[in-house]
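*Asks:* Mind having a look at this structure? Questions to follow.
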Amino acid sequence: MLLSDGDSHEGFPWELAARQAKAANITVYTIGVGSPEGGTITYQGLQLPVNFDETTLRETARLGGGQYFRVFRQDDFRKVYEQIQKRTIHYEQHAVDLAFLLAGTGLALLLITLGVAMVCL
(Lines give C-alpha, C1' and ligand atoms only; values in the text may rest on other atoms or scores of the structure.)
Protein backbone atom coordinates (compact mmCIF):
# COMPACT_ATOMS: atom_id res chain seq x y z
CA MET A 1 0.00 0.00 0.00
CA LEU A 2 1.52 3.27 -1.13
CA LEU A 3 0.25 6.51 0.41
CA SER A 4 1.60 9.40 -1.64
CA ASP A 5 0.99 12.57 -3.63
CA GLY A 6 2.60 10.76 -6.56
CA ASP A 7 5.46 13.23 -6.87
CA SER A 8 8.96 11.83 -6.44
CA HIS A 9 12.31 13.58 -6.22
CA GLU A 10 14.52 10.55 -5.72
CA GLY A 11 14.47 6.84 -5.07
CA PHE A 12 13.67 3.64 -6.88
CA PRO A 13 11.65 4.09 -10.11
CA TRP A 14 7.97 3.48 -9.33
CA GLU A 15 7.30 1.62 -12.56
CA LEU A 16 10.08 -0.87 -11.85
CA ALA A 17 9.05 -1.25 -8.20
CA ALA A 18 5.43 -1.98 -9.18
CA ARG A 19 6.49 -4.55 -11.77
CA GLN A 20 8.85 -6.27 -9.32
CA ALA A 21 6.17 -6.34 -6.63
CA LYS A 22 3.67 -7.95 -9.01
CA ALA A 23 6.31 -10.49 -10.11
CA ALA A 24 6.77 -11.37 -6.41
CA ASN A 25 2.98 -11.85 -6.10
CA ILE A 26 2.57 -8.62 -4.12
CA THR A 27 -0.39 -6.43 -5.04
CA VAL A 28 0.26 -2.68 -5.05
CA TYR A 29 -2.55 -0.39 -3.94
CA THR A 30 -1.95 3.36 -4.20
CA ILE A 31 -3.71 6.01 -2.15
CA GLY A 32 -3.53 9.57 -3.42
CA VAL A 33 -3.31 12.47 -0.97
CA GLY A 34 -2.56 16.07 -1.75
CA SER A 35 -4.00 19.10 -3.45
CA PRO A 36 -4.13 19.56 -7.21
CA GLU A 37 -2.42 22.95 -6.72
CA GLY A 38 0.65 21.30 -5.21
CA GLY A 39 2.91 23.06 -2.74
CA THR A 40 6.45 23.02 -1.38
CA ILE A 41 8.31 20.85 1.09
CA THR A 42 11.62 21.28 2.83
CA TYR A 43 13.92 18.37 2.03
CA GLN A 44 17.56 18.29 3.11
CA GLY A 45 17.48 22.05 3.60
CA LEU A 46 16.02 22.76 0.16
CA GLN A 47 12.57 24.09 -0.70
CA LEU A 48 11.20 21.73 -3.34
CA PRO A 49 7.97 22.01 -5.30
CA VAL A 50 5.61 19.06 -5.02
CA ASN A 51 2.73 18.31 -7.33
CA PHE A 52 -0.15 15.93 -7.00
CA ASP A 53 0.47 13.31 -9.71
CA GLU A 54 -2.62 11.15 -9.98
CA THR A 55 -1.47 9.68 -13.31
CA THR A 56 1.63 8.12 -11.72
CA LEU A 57 -0.40 6.73 -8.82
CA ARG A 58 -2.97 5.17 -11.17
CA GLU A 59 -0.22 3.66 -13.36
CA THR A 60 1.70 2.32 -10.34
CA ALA A 61 -1.45 0.57 -9.08
CA ARG A 62 -2.21 -0.81 -12.54
CA LEU A 63 1.31 -2.17 -13.02
CA GLY A 64 1.24 -3.63 -9.52
CA GLY A 65 -2.05 -5.44 -10.14
CA GLY A 66 -3.89 -3.31 -7.59
CA GLN A 67 -6.15 -0.31 -7.53
CA TYR A 68 -5.84 3.45 -7.07
CA PHE A 69 -7.85 5.27 -4.39
CA ARG A 70 -8.19 9.02 -3.80
CA VAL A 71 -8.76 10.31 -0.28
CA PHE A 72 -9.84 13.74 0.89
CA ARG A 73 -10.93 13.27 4.53
CA GLN A 74 -10.20 10.99 7.47
CA ASP A 75 -13.33 8.91 6.79
CA ASP A 76 -12.05 8.24 3.27
CA PHE A 77 -9.00 6.47 4.73
CA ARG A 78 -11.20 4.14 6.75
CA LYS A 79 -13.28 3.24 3.70
CA VAL A 80 -10.19 2.64 1.56
CA TYR A 81 -8.55 0.42 4.18
CA GLU A 82 -11.76 -1.62 4.50
CA GLN A 83 -11.91 -2.11 0.72
CA ILE A 84 -8.26 -3.16 0.54
CA GLN A 85 -8.66 -5.52 3.49
CA LYS A 86 -11.53 -7.29 1.69
CA ARG A 87 -9.23 -7.90 -1.30
CA THR A 88 -6.19 -8.99 0.68
CA ILE A 89 -5.32 -12.54 1.67
CA HIS A 90 -3.61 -12.79 5.02
CA TYR A 91 -1.47 -15.78 5.89
CA GLU A 92 1.46 -16.62 8.07
CA GLN A 93 4.13 -19.19 7.56
CA HIS A 94 5.59 -21.03 10.53
CA ALA A 95 8.55 -23.39 10.49
CA VAL A 96 8.01 -26.64 12.38
CA ASP A 97 10.94 -28.64 13.66
CA LEU A 98 10.00 -32.25 12.88
CA ALA A 99 13.00 -33.62 14.78
CA PHE A 100 11.42 -32.45 18.06
CA LEU A 101 8.09 -34.00 17.09
CA LEU A 102 9.73 -37.33 16.13
CA ALA A 103 11.82 -37.41 19.31
CA GLY A 104 8.71 -36.75 21.42
CA THR A 105 6.78 -39.49 19.64
CA GLY A 106 9.68 -41.93 20.09
CA LEU A 107 9.92 -41.10 23.81
CA ALA A 108 6.18 -41.61 24.25
CA LEU A 109 6.36 -45.00 22.51
CA LEU A 110 9.33 -46.00 24.67
CA LEU A 111 7.47 -45.09 27.86
CA ILE A 112 4.40 -47.02 26.73
CA THR A 113 6.55 -50.05 25.88
CA LEU A 114 8.31 -49.91 29.25
CA GLY A 115 4.96 -49.55 31.01
CA VAL A 116 3.53 -52.58 29.20
CA ALA A 117 6.71 -54.58 29.92
CA MET A 118 6.52 -53.78 33.64
CA VAL A 119 2.87 -54.80 33.80
CA CYS A 120 3.72 -58.12 32.13
CA LEU A 121 6.49 -58.86 34.67
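*Asks:* For the range 49-70, how many residues are modelled with pLDDT under 90 and of a type in the set (Val, Ile, Thr)?
*Replies:* Total meeting the criteria: 1.
*Asks:* Six or more apart or on different chains, Cβ under 7 Å: which pairs go from a residue in the range 34-47 that's without any contact (Cβ under 8 Å) to a residue 24 or more places away in the chain and of a type outside the set (Ser, Thr, Tyr) to one that's surrounded by 10 or more Cβ atoms within 10 Å (Cβ to Cβ) and in a strand (DSSP E or B)? Could you list them?
*Replies:* GLY39/VAL50; ILE41/LEU48; ILE41/VAL50; GLN47/THR40
*Asks:* Also: Could you run through the range 8-57 and say how many residues are in contact with a Leu (Cβ under 9 Å, 6 or more places away or on another chain) and among the charged types (D, E, K, R)?
*Replies:* 3
*Asks:* For the subset of the range 49-92 comprising residues that are acidic (Asp, Glu) and outside any helix (DSSP H, G or I), which member is nearest to the chain's Cα centre (by Cα)? Give the derivation first.
*Replies:* As a first pass, look at the range 49-92 and keep what is acidic (Asp, Glu): 53-54, 59, 75-76, 82, 92.
Those left that are additionally outside any helix (DSSP H, G or I): 53, 92.
Values: ASP53: 23, GLU92: 12 Å.
The selected residue is GLU92.
*Asks:* Also, I was wondering about something else. Among the strands (runs of 3 or more DSSP E) contained in the range 1-48, which hold 1 or more residues that are closer than 30 Å to GLN85 by Cα and at pLDDT 85 or above?
*Replies:* It comes to 2-4, 30-32.
*Asks:* Next question, about the same structure. Please go through the range 24-34 and pick out each residue that is over 17 Å from SER8 (Cβ atoms) and surrounded by 10 or more Cβ atoms within 10 Å (Cβ to Cβ).
*Replies:* The initial filter retains those residues of the range 24-34 that are over 17 Å from SER8 (Cβ atoms), namely 24-27, 29.
Scanning the range 24-34 gives ILE26, THR27, TYR29.
*Asks:* Return the total of residues in the range 42-84 being basic (Lys, Arg) and surrounded by 18 or more Cβ atoms within 10 Å (Cβ to Cβ).
*Replies:* Here is the first cut: in the range 42-84, the ones basic (Lys, Arg) are 58, 62, 70, 73, 78-79.
With the extra rule that they be surrounded by 18 or more Cβ atoms within 10 Å (Cβ to Cβ), the set shrinks to none.
Total satisfying the criteria: 0.
The values are calculated or read from the model by the stated rules, or taken from the named source; none is laboratory data. Computed from a predicted structure; not experimentally measured. Cβ sites come from the backbone with ideal geometry, for glycine too, and all protein chains shown count toward neighbours.
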